[in-house]
Amino acid sequence: MTPDLLTLRVDFRDETAAARITPEQANAYLAARGWQRFDRRVWHVWNLGEEQAKVPRERLSDYGRRMVELLNRLAEYEGRSVLAVFVDMVATATGGD
């Protein structure tokens with residue numbers, strides 16, 4: 001029996017893969033889940049109740065690492081695997097945002 005890959009709990013550290021996610025995709029993903037956006041200069045800051053998520057701007061030199069942090073944070077908050085969050089975020093349509 002093959003386990004469902006999207007339910008595997010893995011230690012996700014692939015900065016190159018995470019850097020494939022655009023800020024627009026991450027912002028659309030958060031908006032679709034009810035997060036409220038508060039812009040900052042270097043980050044898009046989102047709040048959902050007491051929780052906060054920060055989407056980095058692509059111009060940051062450590063953009064991939066920051067996206068890894070965001071993916072892991074959201075996976076923990078949502079109680080899902082980071083791979084599932086990654087797949088959903090990459091698949092998110094941005095609608096021109």
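Computed quantities for the displayed model
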read-out: Every residue from segment 35-76 that is closer than 18 Å to residue 86 by Cα and small (Gly, Ala, Ser); value: 53, 64, 75
read-out: Cβ-Cβ under 8 Å pairs, at least 6 apart or on other chains, segment 13-30 side under 15 Å from residue 57 (Cα atoms), far side modelled with pLDDT of 90 or more and of a type in the set (Ser, Thr, Tyr); value: 19/63
read-out: Number of the condition not met by residue 5 [criteria: (1) of a type in the set (A, V, I, L, M); (2) open to solvent by 90 Å² or more (accessible area, probe 1.4 Å); (3) modelled with pLDDT of 90 or more]; value: (3)
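The rows are residues; the columns are (1) open to solvent by less than 80 Å² (accessible area, probe 1.4 Å); (2) at pLDDT 90 or above; (3) of a type outside the set (Lys, Arg); (4) not in a loop (DSSP other than H, G, I, E, B).
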| position | (1), (2), (3), (4) |
| --- | --- |
| 12 | yes, no, yes, no |
| 25 | yes, yes, yes, yes |
| 45 | yes, yes, yes, yes |
| 55 | yes, yes, yes, yes |
| 65 | no, yes, no, yes |
| 76 | no, yes, yes, yes |
| 86 | yes, yes, yes, yes |
| 93 | no, no, yes, no |
| 97 | no, no, yes, no |
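The values are calculated or read from the model by the stated rules, or taken from the named source; none is laboratory data. Being a predicted model, the structure only gives us computed values, none of them experimental. Counting neighbours? That spans all protein chains shown, and the Cβs are built from the backbone with ideal geometry, glycine included. Each accessible area value is taken on the protein alone, full model and side chains, heavy atoms only, with ligands, DNA and RNA left out. Shrake-Rupley method; radii C 1.70, N 1.55, O 1.52, S 1.80 Å.
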